[in-house]
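A short worksheet on the structure shown next.
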Amino acid sequence: MNDEVAPYLPEVEKGLHLIPTQATEHAGQLDHLYFALVGASAIILLMVVGLIAFFGFRYRAGNKAADRSNLPSTRTENRVEIAVLAAMLVAFMGFFAWATTLYLDSYRGPEPAMTIDVIGKQWMWKIQHPDGTREINAIHVPVDEVIRLRVTSQDVIHSFFVPAFRLKRDVVPGTEKTAWFKATEPGEYRLFCAEYCGSFHSRMLGKVVVMDRGDYQAWLTRQGSGQTLASAGKQLFQAHGCSGCHMGKSNARAPSLDGLYGRSVALDSGEVILADEAYIRDSILQPDKHIAAGYEPIMPSFAGQLSEEDILRIVTYIKSLQPGDWVKESVKENEGESR
Ligand code: CUA
């Protein structure tokens, strides 16, 4: 799990790239608009510069035309002006309609094949697939499928930016935004954070890996092996030393947790409380709140040490424990030791 946490550093592409690769249809459509705008601007620029040069030459000091131009104008025609203004209006309203269509399209999108959650956090991208597969700084997706992204932030404002898809969404804490793309070419595409978000903003990099259907299925199967929320929670449970007190033989210091979920727990205060998700969560973050009868209040709080996701994983693990689970585990361990 941890080997994927290192920031993804993309290889430096050789040569001059004025525009990024086009990896979606939308990217191509957007580039057409972009080049049309650049082209229209170039035409207008040439007209203005050209006319300045032409008039500068024609009406230079000492030329006959310059003398004539000092006489009062007798011209009353304005058809040329009206024609120019009307042409401009039509052209730019055309650009407006074109751009608006593309803009709305980038938000609405077609019916998605799947929704992937993206959580921005200082300084990484955390990804969760529909089947529970998690990734950091990488999103694996199948080619030619409409992928919908649900993006949010855990701390400050970030911005999800994949240049090859011409896709950028500000990621604002407390809000949930959506984006979509349909990649047309298998490959790896860079993912940037495009909003300054602290010291390591520049390292908040990732990649989108677009795979053939077959490769994607194979990848998904590999990921699915055992990394459920509960098994991730189990790893955390051991890594944070919870198992040292709560597991197996050492029940003198802390209550055993197998079969805890849904059970009634007698408290030191004489109350009885139902061990639901909130109780498990409280016990991790504010262990002094409910002391189980017969135990000392010696458990440290884990508030601030666990992310929201880790808490969810550990709670899921504890919920999954059936009565007697840990006896089986310790038997397995003992067999391992004696071998
Ligand atoms: Cu996150 Cu910049």
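Table for the structure above
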item: Segment 185-196 residues that are outside the structural domain of V172 (by TED's automatic domain parsing) and under 17 Å from T24 (Cβ atoms), paired with ones that are within 11 Å of the ligand (Cβ to nearest atom) and at pLDDT below 90 (beta carbon under 8 Å, 6 or more apart); result: none
item: Residue in segment 20-60 that is least open to solvent (accessible area, probe 1.4 Å), counting only those that are of a type in the set (D, E, K, R) and within 40 Å of the chain's Cα centre (by Cα); result: D31
item: Failed item, numbered, when F165 is tested on (1) out of contact with any Ser or Thr (no Cβ under 6 Å at 6 or more places or on another chain); (2) in contact (Cβ under 8 Å) with a residue 60 or more places away in the chain; (3) farther than 29 Å from R313 by Cβ; result: (1)
item: Residue that is farthest from the ligand (Cβ to nearest atom), among those in segment 91-126 that are farther than 12 Å from S153 by Cβ and touching a helix residue (DSSP H, G or I) at 6+ places or on another chain (Cβ under 8 Å); result: A91
item: Residue match in segment 241-260 (condition: at pLDDT below 90 and touching a strand residue (DSSP E or B) at 6+ places or on another chain (Cβ under 8 Å)); result: yes
item: Condition met for T76 (without any contact (Cβ under 8 Å) to a residue 40 or more places away in the chain, hydroxyl-bearing (S, T, Y), surrounded by 17 or more Cβ atoms within 10 Å (Cβ to Cβ) and not in a helix (DSSP H, G or I)); result: no
item: Restricting segment 162-171 to residues that are of a type outside the set (D, E) and either under 11 Å from the mean Cα position of the chain (by Cα) or part of a strand (DSSP E or B) (or both), the residue that is farthest from the ligand (Cβ to nearest atom); result: L167
item: Residue match in segment 106-118 (condition: β-branched (V, I, T) and in contact with an Asp or Glu (Cβ under 6 Å, 6 or more places away or on another chain)); result: no
item: In segment 256-272, the residues that are open to solvent by less than 40 Å² (accessible area, probe 1.4 Å) and either under 39 Å from the mean Cα position of the chain (by Cα) or under 18 Å from D325 (Cα atoms) (or both); result: S256, L257, D258, G259, L260
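Each row is one residue, and each column tells you yes or no for (1) away from the ligand (no atom under 16 Å from the Cβ); (2) in a strand (DSSP E or B); (3) surrounded by fewer than 16 Cβ atoms within 10 Å (Cβ to Cβ).
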| residue | (1), (2), (3) |
| --- | --- |
| H140 | yes, yes, no |
| V151 | no, yes, no |
| F160 | no, yes, no |
| W180 | yes, yes, no |
| L191 | no, yes, no |
| S202 | no, no, yes |
| G214 | yes, no, yes |
| S231 | yes, no, yes |
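The values are calculated or read from the model by the stated rules, or taken from the named source; none is laboratory data. This one's a predicted model, so the numbers in the text were calculated from it and none came from an experiment. Don't worry about glycine lacking a Cβ; one is built from the backbone with ideal geometry, like all the others, and counts go over all protein chains shown. The area values use the complete protein model at the heavy-atom level, side chains included, leaving out ligands, DNA and RNA. Shrake-Rupley method; radii C 1.70, N 1.55, O 1.52, S 1.80 Å.
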